[in-house]
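The values are calculated or read from the model by the stated rules, or taken from the named source; none is laboratory data. Note that the structure is a prediction, hence the values are computed from the model and not measured. No Cβ is skipped: glycine too gets one built from the backbone with ideal geometry, and neighbour counts run over all protein chains shown.
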Amino acid sequence: MKRSRGKSFLFTLAVYALALAAGLFVYRHMNGGVIFRVFAADIAATLLMYLVSLPLENASVYDPYWSVAPVVILPLAIEEFGAWNAGTILLLACVCYWGIRLTANWAYTFHGYEHQDWRYTMLREKSGVFYPLVSLFGIMLFPTLVVYLCLLPALFYVQTGGVNLVTLLGFALSISAATLQLVADIQLHRFQKRAANRGEIIRSGVWRHSRHPNYLGEILMWWGVYLVMLSVLPGRWLLGVGALVNTMMFLLISIPMAEKRLAGYKQGYDRYVAETNRLLPLALKRAR
């Protein structure tokens, strides 16, 4: 199964169907408000992913969860609150656009469970016997918590609804962020197909102005969702903690890990760093 891309896809679909069933079971049988029960269901689905990853010996089974969970949670929450209106439909469209695009990119780059994300392999080598705990808390539960915190403003927004100019700005920011990710991924995949070797660095398109445009899009996506919520619930400003934690995760963990790895095999990477901004596509740095 691990060597077959098709069978690996079917296996993934089966696992996520079980995760959905586990999440719905917990949600329906857990006491408490909707927000708490959604969180409990989210954790239950993540734990199922973890249990599957143990005999599979591959934590990459969790990879699509980041983008799939919000697309499942948000419409269920809207239905639970009976809050179908222009604002919630626009928000759902933004989240689905982001989630479907990100999941499609995962599917495009997925080659089966014979391979595992390089970061997980690195963590396995560094943590040794403690890897099962690292996998549970670092690879799975922590990202689940981050995504839940990012989605929390959306769950509060759907209970209120409403659209004003600031709300529209939030929608525009989220759509633009997801589109930036889409463009960045397409440009990167095309470059990788024609590159002579993996040591070449993409210096065209959005990658000319930012070393991590895809990460920039991921960060801005959730600040957009936060802005949508803030436009009608300014008193809930503390819910920005989700977008903030997400931003810090990329700045302090994801980007440094990626750049350390890239520096090991990309030709002229130091010069690339000196000439290209890390995230924000501001004025180009002066070539050295």
Can you tell me which residue among I201, I219, I186 is of a type in the set (A, V, I, L, M, F, W, C) and part of a loop (DSSP other than H, G, I, E, B)?
-> I201
Scanning segment 61-77 residue by residue, those in contact with a Leu (Cβ under 8 Å, 6 or more places away or on another chain) and closer than 17 Å to R28 by Cβ turn out to be V72, I73, P75, A77
Flag for V206 being outside any helix (DSSP H, G or I) and more than 14 Å from the chain's Cα centre (by Cα) | no
Of these, G112, G87, G82, which one is of a type outside the set (A, V, I, L, M), on the phi > 0 side of the Ramachandran plot and either touching a helix residue (DSSP H, G or I) at 6+ places or on another chain (Cβ under 8 Å) or in contact (Cβ under 8 Å) with a residue 24 or more places away in the chain (or both)?
-> G112
Counting just the residues of segment 195-233 that are at pLDDT below 95 and among the small types (G, A, S), which one comes out nearest to L279 (Cα to Cα)?
-> S210
Before we move on, is S60 of a type in the set (S, T, N, Q), at pLDDT below 95, in a helix (DSSP H, G or I) and under 15 Å from M140 (Cα atoms)?
-> yes
If we keep only residues of segment 28-40 that are farther than 19 Å from F137 by Cβ and touching a residue at least 24 places away in the same chain (Cβ under 8 Å), then the residue nearest to the chain's Cα centre (by Cα) is V38
The residue that is farthest from R198 (Cα to Cα), considering only those in segment 237-273 that are modelled with pLDDT of 95 or more and among the small types (G, A, S), is G240
Could you grab me the full set of residues in segment 239-261 that are charged (D, E, K, R) and touching a residue at least 12 places away in the same chain (Cβ under 8 Å)?
-> E259, R261
Considering segment 190-206, residues that are in contact with a helix residue (DSSP H, G or I) (Cβ under 7 Å, 6 or more places away or on another chain) and touching a residue at least 24 places away in the same chain (Cβ under 8 Å), and then whichever is surrounded by the fewest Cβ atoms within 10 Å (Cβ to Cβ), we arrive at I201
Would segment 86-98 turn up any residue that is under 18 Å from L145 (Cα atoms) and crowded, with 21+ Cβ neighbours inside 10 Å?
-> yes
Of all the residues that make up segment 1-27, how many are of a type in the set (V, I, T) and either free of Cβ contacts under 8 Å to residues at least 40 places away in the same chain or not in a helix (DSSP H, G or I) (or both)?
-> 1
Filtering segment 140-163 down to residues that are part of a loop (DSSP other than H, G, I, E, B) and either in contact with a Ser or Thr (Cβ under 7 Å, 6 or more places away or on another chain) or of a type in the set (S, T, Y) (or both) yields G161
Taking V147 as meeting all but one of (1) without any contact (Cβ under 8 Å) to a residue 12 or more places away in the chain; (2) surrounded by 14 or more Cβ atoms within 10 Å (Cβ to Cβ); (3) within 21 Å of F250 (Cβ to Cβ), write down the number of the exception.
-> (1)
Would you call V95 under 30 Å from Q187 (Cα atoms), within 20 Å of the chain's Cα centre (by Cα), modelled with pLDDT of 95 or more and not small (G, A, S)?
-> yes
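Which of the residues belonging to segment 110-120 are surrounded by 13 or more Cβ atoms within 10 Å (Cβ to Cβ) and either polar (S, T, N, Q) or not in a loop (DSSP other than H, G, I, E, B) (or both)?
Those that are surrounded by 13 or more Cβ atoms within 10 Å (Cβ to Cβ) and either polar (S, T, N, Q) or not in a loop (DSSP other than H, G, I, E, B) (or both): Q116, R119, Y120.
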Residues (closer than 21 Å to L76 by Cα, at pLDDT below 95 and either in contact with a Pro (Cβ under 9 Å, 6 or more places away or on another chain) or in a loop (DSSP other than H, G, I, E, B) (or both)) located in segment 33-57 = G33
Would you check if Q181 is part of a helix (DSSP H, G or I), polar (S, T, N, Q), touching a residue at least 40 places away in the same chain (Cβ under 8 Å) and crowded, with 17+ Cβ neighbours inside 10 Å?
-> yes
